[in-house]
Structures are given as structure tokens and as C-alpha cells.
1. With a point put 7 Å past each Cα toward its Cβ, work out how far A:Ala161 is from A:Asp21 in nm, to one decimal.
2. Would you list which aspartates and glutamates come within 19 Å of B:Lys201, measuring only between C-alpha atoms, while excluding same-chain residues fewer than 8 positions from it?
3. Let's test this: bin the Cα-Cα distances of chain A at 20 Å from zero up to the farthest pair and state each bin's percent.
4. What number does chain B give for Rg over Rh if you use C-alpha atoms and the Kirkwood radius?
5. For helix B:39-48, what angle does its Cα long axis make with the longest principal axis of chain B, in degrees from 0 to 90 and rounded to 10?
6. Run the reach check for A:Lys306 against lysines, Cα to Cα strictly under 21 Å, same-chain hits fewer than 8 apart removed. What comes back?
7. If Lys and Arg each add +1 and Asp and Glu each add -1, what is the summed charge of the other residues whose beta carbon sits under 10 Å from the beta carbon of A:Asp156?
8. Tell me, which longest segment in chain B has none of the trypsin sites (Lys or Arg not before Pro) that fall in DSSP loops with at most 16 further Cβ atoms within 10 Å?
Amino acid sequence: MVELRNVTKKFGNFHAIRGVDLNVRAGEFLTLLGPSGCGKTTLLRMISGFDAPTEGSVWLGGEDVTHLPPYRRNVNQVFQSYALFPHLTVEENIGFGLRMQKLPRLEIAGRVQSAIALVSLQGLEARKPGQLSGGQRQRVALARALICQPKVLLLDEPLSALDAKLRHQMQGELKRLQKMLGITFVFVTHDQEEALTMSDRIAVVNQGRIEQLGDSAAIYHAPQTAFVANFIGRANILEANAVGVEGGFIRLRIASGVEVLVPNPNPSPTTSRLVVSIRPEKIHLQSQRPTQENVFEAVVEEELFKGPTHQLEIKTASGLSLSVMAASQSIMQTAFHKGDRVWCAVHPNDIVILRAD
Amino acid sequence: MQTPLALLQPAHGAARRPGFIGWLLIAPLIAWLVAFVVIPALILLVYSFCQRDELGELVFSFSLENYWRVFGYVHDESGAFAWDPTYLQIFGRSLGCAGLTTILCVLIGYPVAWTLGRAPDSRRNLLLTLVMIPFWTSFLIRTYAWIIILSENGLLNGLLQYSRLISEPFPMLYTPGAVIVGLVYSYLPFMILPIYGSVEKLDNSIVEAALDLGAGPLQAFLNVILPLTRPGVLAGILLVFIPAMGMFAISDLMGGKRVPLIGNVIQDQFSGQARDWPFGSALGMSVVVLFSIAFWLGTRRQPES
Ligand SMILES: Nc1ncnc2c1ncn2[C@@H]1O[C@H](COP(=O)(O)OP(=O)(O)O)[C@@H](O)[C@H]1O
Ligand SMILES: [Mg+2]
């Protein structure tokens with residue numbers, strides 16, 4: 001539906017976007033996720049037409065729109081600041097796009113009414129944006145864009161100005177609207193949790209590049225780079241040496257006394273020096289030596305009670321430090337405390353070999 | 001809709017009555033207004049209903065004669081009313097000149113203000129300074145500069161003749177056109193600055209939202225940009241139209257005696273040969289009434305807000 005082909009954007013000498021290829025499928029909810037300043041807004045602005053790529057091309061529904069102005073593209077945007085027209089009422093704001101198309105008054109009025117119902121703004125038709133709450137403005141911005149029936153709706157951090165509770169509510173509502181209307185959404189956020197809960201697919205953006213594109217589970221469980229592993233959730237990023245191949249597994253030596261098996265990926269790694277990621281919650285602690293593979297011993301260095309989870313820093317005899325996260329035990333059960341000796345077990349599938357950059 | 005005066009008020013400040021300190025702070029302004037605006041205006045009002053004798057001295061006797069003259073009715077020798085629209089014509093010409101000046105200032109000033117307001121911060125101060133530079137030299141010197149440019153053997157005629165576009169000097173100075181050029185030149189900054197103020201406040205993403213929703217550049221201008229910068233335009237219109245209406249120096253210097261405006265006539269009544277203070281006062285009061293109406297039209301609150 002939307003295709004970026006080898007798109008590069010320079011501001012002066014600064015490379016904001018470096019050779020991005022992206023194919024957004026029809027009807028999907030795709031999220032651009034990345035830290036502030038990584039180029040998410042710039043990517044959106046090239047799709048909507050406010051910025052032209054320095055190199056490469058932008059395609060919408062099979063048509064090259066690289067040089068079309070924004071008002072000739074069948075995409076609409078929900079701006080981060082909402083950008084409502086302050087001199088127009090809610091109703092006039094929502095009907096703006098249809099008035100620009102010079103549709104008959106009666107049709108406009110009808111469609112505005114249903115758009116208002118869609119985002120539950122009944123009763124506020126005659127208000128000006130200045131008289132609305134943040135959440136209500138958000139809905140006006142949404143209705144104003146949706147009423148144009150765009151092929152693609154672009155949303156630039158639309159929820160970042162809302163408080164946590166309202167944000168959760170709007171997340172659900174956006175997702176519901178997207179399913180119901182079947183419109184392709186390209187959604188920008190720097191909030192990984194928001195991205196994981198809402199998206200069909202996530203493109204993780206870093207320094208003007210797409211680091212990884214995949215569904216939420218793949219991004220979380222199989223990060224391909226250290227950046228992705230660290231940005232989405234927390235991760236222990238460790239250097240390791242491949243010391244042998246055993247069946248379908250590679251034996252990795254992370255530190256002396258810490259040797260683990262990981263599934264041999266296809267294609268196999270070409271060097272013996274590798275970087276792996278282990279999520280803190282994938283390290284299981286036990287007081288007795290477990291019988292399974294992939295176990296090693298360590299000492300609890302620090303513990304932090306965080307409510308639902310218990311966060312520990314552990315250290316092996318050879319000096320390897322790891323973060324571990326465990327679900328909080330009930331108050332009666334034994335938890336691990338500073339100074340305790342523990343056995344650590346990691347399932348081979350929970351150790352992810354990262355792409356070298 | 002914001003009125004131009006609202007530009008001068010804090011955006012969301014609740015209307016508060018000034019306290020003692022507040023009154024103390026605005027006391028000089030009030031004193032100034034009373035001494036130099038209210039009292040002279042009252043004197044003018046009284047004079048405008050008086051008469052003058054043959055020597056030009058003021059005679060206190062109530063009459064509407066001066067206002068009749070303003071509107072074109074004069075007594076001929078037999079004492080009957082006769083129709084002489086000289087002053088109405090001058091009024092009309094002044095309105096026309098000031099109106100045309102205002103329109104030209106909007107047409108020239110808006111794009112300039114837009115460019116200024118949308119320029120990157122680094123360049124904006126330089127551009128603003130360029131708009132203000134003319135104020136650094138005396139108004140008279142600037143007007144004489146125009147005379148040098150426009151006169152029969154001036155710069156412009158010289159250039160046109162040199163480039164063989166014309167063979168004879170083209171009369172430019174002492175024409176209505178010259179007066180308009182002078183007025184537009186003098187008042188343009190008063191149009192640019194308030195519009196610039198509005199443009200600068202306009203959030204760029206609002207303009208982008210209009211384009212995003214399918215408005216072409218002209219539609220975006222008419223439906224979003226113009227309504228949102230209207231307070232600046234109205235303020236500019238007031239700041240240009242009113243002084244342009246009263247201006248006499250430019251029409252004097254650049255129009256010669258051929259293009260007298262209402263300002264010249266009034267000046268003539270007070271310090272020139274005519275020496276008719278009561279009639280000058282009546283003309284002055286008429287202009288004040290006209291301005292008041294214009295001001296009321298310009299700043300009236302639109303019913304929509
Ligand atoms: N108009 C511009 N001129 C110069 N640099 C820009 C411009 N727009 C964005 N940038 C730079 O490009 C980078 C990416 O910006 P942006 O796409 O807004 O990031 P994000 O939306 O991910 O926070 C930033 O470093 C920003 O400073
Ligand atoms: Mg951004």
C-alpha cells in the first residue's frame with residue numbers, strides 16, 4: 001500500500017534517513033518505533049508529501065507519488081500537536097476535507113454526523129478547539145482525517161500528549177477503529193509498550209535506518225541487533241565465543257564456567273566471535289542445581305523489589321554480571337537475597353544471536 | 001474572532017480592574033490623553049460651530065454654516081444656498097488615496113510579512129531590520145529622495161531615457177500617482193509589522209493540516225491562513241488608513257498644489273492663507289467622525305465569538 005524504495009533524506013549535510021526500504025501492507029497497523037530524533041517524523045512527512053526524499057521514491061497504492069504535493073495524495077495525517085483549526089468549530093474542522101473537495105452540503109453534513117458519532121463527540125459540534133480537552137481534540141483530529149477516507153492514515157505520536165489512563169483508552173479505541181474501517185495505519189511512537197500492544201508489525205528505527213521489521217513477538221523474542229534488544233524491553237547483551245557444534249546446537253562460551261547451547265541459526269554464523277542477547281526474565285533462578293542443560297552458578301549482588309517483579313543483579317565466579325527479573329513470590333515463599341548462591345538456567349531458545357553491525 | 005485590539009491584550013488574561021498601583025501606572029497616559037486629545041478635540045468641537053470675521057478673528061456665535069460648507073452648501077451673495085462640492089470632492093479624493101494606499105500596502109505588505117514570518121530564525125532579525133531601516137532617516141529626507149527619483153530630470157526619467165524606452169521625460173512628480181507612491185512607501189512598514197506578528201504566531205502544522213486535508217495553496221490561504229492572520233491585517237489597515245487620510249506633507253511635496261488632500265485643506269485653514277479656524281475645525285471634526293466609524297467597523301466584535 002505504501003512503499004518506500006531506497007529513500008534517503010538529507011537536511012544540509014545531516015543524513016536524517018539513510019536508504020530505507022519499507023513496504024506497508026494494505027489494511028495493516030504498522031508502527032514506526034524508535035527513540036526521539038531517529039527520523040520517524042521525517043519518514044511520515046515523506047509519505048504525506050511535506051518533505052521530499054533526497055534520493056529514492058515513495059509509492060502509494062502502486063503509484064509513484066514522490067513528486068506529488070500533499071493535497072494530491074490520498075493519505076491523511078493526525079499531527080502530534082493535533083493542528084486543529086482554532087477558528088473553526090468541531091463540526092467545521094471535521095468537515096474541512098470534504099468542503100475542500102467541494103462535495104454537496106447535504107452529503108458533507110451527513111458524513112460529518114457519522115464521523116462525530118464514530119469518535120463519540122456528540123454534543124460538542126459547535127465548540128471551538130480551545131474549549132475541548134486533550135482527549136476530545138485528539139478525537140476531532142482523528143475524525144477530521146478519517147472522514148476523507150484515506151488509503152493510509154499517518155499518526156505521529158498521537159497519544160503522547162495524553163495522560164496514562166486516557167492513553168490506554170485511546171490505544172484500544174484506535175485499534176478498534178482501524179480494524180473496523182480496514183484502513184492502513186502507519187503509527188509513530190517512541191513508547192515500546194504502545195508499539196507492542198497495538199501493532200500488526202513494528203519497524204524499529206535507529207539513526208535513520210530500519211533496524212528490524214517484524215511482528216511484536218518477533219521483535220521482542222528474536223531481536224536481531226543489540227539496539228533492538230535494548231530498546232524493546234531490557235536485555236543482557238553478551239559477547240561469546242563459539243566453541244563447537246553439537247547436533248543442531250552451537251556451544252557458546254560466554255565466560256569461564258558459563259557455557260551454553262543455542263540453536264544453530266540458518267545460515268550459521270561465519271565467525272566464532274558472537275554477540276547474544278538474553279532477556280532478564282528468561283533467566284530462571286533455583287537454589288538447587290537443576291538437571292537441565294544451560295546452567296551456571298552465581299551470587300546475588302543486588303536485589304530490587306518492584307512490586308509485580310523482583311529484579312536482581314547476579315555475578316558469576318568469573319565476574320560476568322547479569323540482570324535477572326523474576327515474578328514476585330508470595331511473601332511466604334523463599335525469595336533470593338543479597339549474598340545468596342543461586343543456580344541459573346536459560347532455555348536454549350531464549351538465547352538470541354544478534355547481527356553484528 | 002480576535003479583534004486587532006485584542007493583539008495588545010494578554011491572550012487569556014481575565015479582565016481585571018486595575019488596583020491603586022494600576023491607576024497610578026496609567027495616570028500619565030490618562031493625563032496625556034486629556035491634555036492633548038480630549039481638550040483639543042473639545043476646543044475643535046466648539047470652534048467648528050463658531051464664525052470668523054473679515055480679519056479671520058474668531059466670533060463666538062453658534063452656527064451650522066461650517067458643516068454646510070463641508071457638505072457642499074454655501075451661501076451665495078443673495079444669501080441663498082448654492083451647491084459647491086469642492087470639499088466633498090477633496091474628501092472623496094482623500095478617501096480614495098488613503099483607500100488605494102491601504103489596498104496597495106496590504107497587497108505588497110502581506111507577502112513580505114509572510115516571508116518574514118516564515119523565514120528561519122537566523123535570517124528573520126536581519127529581514128526585520130531591513131523593514132525598519134527607513135525609520136532611521138528623517139521622513140522629509142526620504143520624501144525628498146523620492147522627489148529626486150521621480151522629478152522631470154530625475155533618476156527614473158534619466159534611466160528610462162538612457163535605455164531609450166522613452167524619448168521625452170515622462171511627468172511623474174506632482175501627479176496623483178506620485179502621491180500614492182509616497183504614501184505607500186511611508187506607511188508600508190505599519191502594514192508589514194502587525195501582519196508579521198500574526199503570521200509569526202501561526203503554527204506551521206495548522207497550514208500543513210490544511211494541505212493534508214486536500215486544500216490547495218489558494219484554498220489553504222483563504223480558509224485557514226487569512227482568517228487566522230486577519231487581526232494583523234485589520235490592525236495594519238487601521239494603522240495605514242487613518243494616518244494616510246490625514247497626511248498633508250506628502251501630497252504637498254510630491255503632489256504639488258495639484259493634488260490637495262483633506263489634510264492640506266485643513267492645514268491651510270489653520271496656518272495657511274485661508275485662515276479660517278472654524279471651518280478648519282469643522283473639517284477636522286468630520287474626519288474624526290469618519291475615523292470613528294471606520295474604527296468601529298474594524299474592531300467591532302464579530303458575532304461568531
Ligand atoms: N527541517 C529540518 N532541518 C534540519 N534537521 C531536521 C529537520 N527536520 C528534522 N531534522 C533532524 O532530523 C532528525 C530526525 O528528526 P525527526 O524525524 O523529527 O525525528 P523523530 O520524529 O524520530 O523524533 C533529527 O535529528 C532532527 O534534528
Ligand atoms: Mg517526531
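The values are calculated or read from the model by the stated rules, or taken from the named source; none is laboratory data. Because the structure is predicted, anything quoted here is derived from the model rather than measured. Positions of Cβ are backbone-derived with ideal geometry, glycine not excepted, and every protein chain shown enters the neighbour counts. Calculation scope for accessible area: heavy atoms of the full protein, side chains included, ligands and nucleic acids excluded. Shrake-Rupley method; radii C 1.70, N 1.55, O 1.52, S 1.80 Å.
1. Spacing of the two 7 Å Cα→Cβ label points: 3.8 nm.
2. Within reach: B:Asp121.
3. The calculated distribution, bin by bin, is 26, 45, 25, 5.
4. 1.03
5. The angle comes out near 40 degrees.
6. Correct list for A:Lys306: A:Lys165, A:Lys282, A:Lys315, A:Lys338.
7. Surrounding charge for A:Asp156 is +1.
8. Free of exposed loop sites, the longest segment is B:17-163.
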